[in-house]
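The values are calculated or read from the model by the stated rules, or taken from the named source; none is laboratory data. On a predicted model such as this, the values are computed, not experimentally measured, just so you know. Counting neighbours? That spans all protein chains shown, and the Cβs are built from the backbone with ideal geometry, glycine included.
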Amino acid sequence: MAAVDSVSDALAPAARKELTALRHEVATKAFPGAKLPAYLRFQGNMYRHIPRDAWEKRAPGVEVVIVSGLYGLLASRDTTVYYEHSMAEPMPPFGKLNRWWHDHGLPRVLAAYLKAVKPKTVVDLLSLEYRGAVAGYAEGPAGVAVKTIDFPGMGRASQPRRGEKVAEILRTGKA
């Protein structure tokens, strides 16, 4: 399967170079392997609640941007290697990846991506740990409505509900 990287492709050269360098720093210390589209690769508790047909028959213009411990940002069709590292876990020599990515500019890169692709609405379904990696991104893209959806008091039990909400958005194109 050919490599796909819509996030990087949409960025201006300076932001693309920044994201590529950061990804390379993490990837050189991670695991090699065959690549699959992110929506097929990720199998966590949230992703198990998003049926494959929701991904493959998504409404026109709907994309899911994934905050990734290894790649920083991926679009759901972008290809990725297998890895089992959460943003919330420490990874030597980086420490907790959500903090590492945040401190190395991931909010700025996400804002640049949103500026490049010009979505009307962003639905933020990120859990606390993943949101921490991109905290502040919504201050960057003018004219983009950001709708944050939380599941208060549920903790990790919110993951199936997040997946169901992603499936609904993929099918309908509406938050």
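The figures follow:
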| item | result |
| --- | --- |
| Residue match in the range 154-165 (condition: part of a loop (DSSP other than H, G, I, E, B) and at pLDDT below 95) | yes |
| Candidates TYR83, TYR71 - the one that is touching a Phe, Trp or Tyr at 6+ places or on another chain (Cβ under 8 Å) and under 25 Å from PRO160 (Cβ atoms) | TYR83 |
| Matching helices (runs of 4 or more DSSP H) fully within the range 31-113 where at least 3 residues are out of contact with any strand residue (DSSP E or B) (no Cβ under 6 Å at 6 or more places or on another chain) and more than 22 Å from GLU18 (Cα to Cα) | 52-56 |
| Every pair of residues 6+ apart whose Cβ atoms lie under 7 Å, when the first sits in the range 39-50 and is closer than 16 Å to SER158 by Cβ while the second is at pLDDT 95 or above and surrounded by fewer than 16 Cβ atoms within 10 Å (Cβ to Cβ) | HIS49/GLU164 |
| Selection from the range 114-153 of residues that are among the acidic types (Asp, Glu) and in a loop (DSSP other than H, G, I, E, B) | ASP150 |
| Among (1) of a type in the set (Ser, Thr, Tyr); (2) over 21 Å from PHE42 (Cα atoms); (3) surrounded by fewer than 17 Cβ atoms within 10 Å (Cβ to Cβ), the one test that TYR137 misses | (3) |
| Output for the range 76-121, where each listed residue is within 24 Å of LYS147 (Cα to Cα) and among the hydroxyl-bearing types (Ser, Thr, Tyr) | SER76, SER86, TYR113, THR121 |
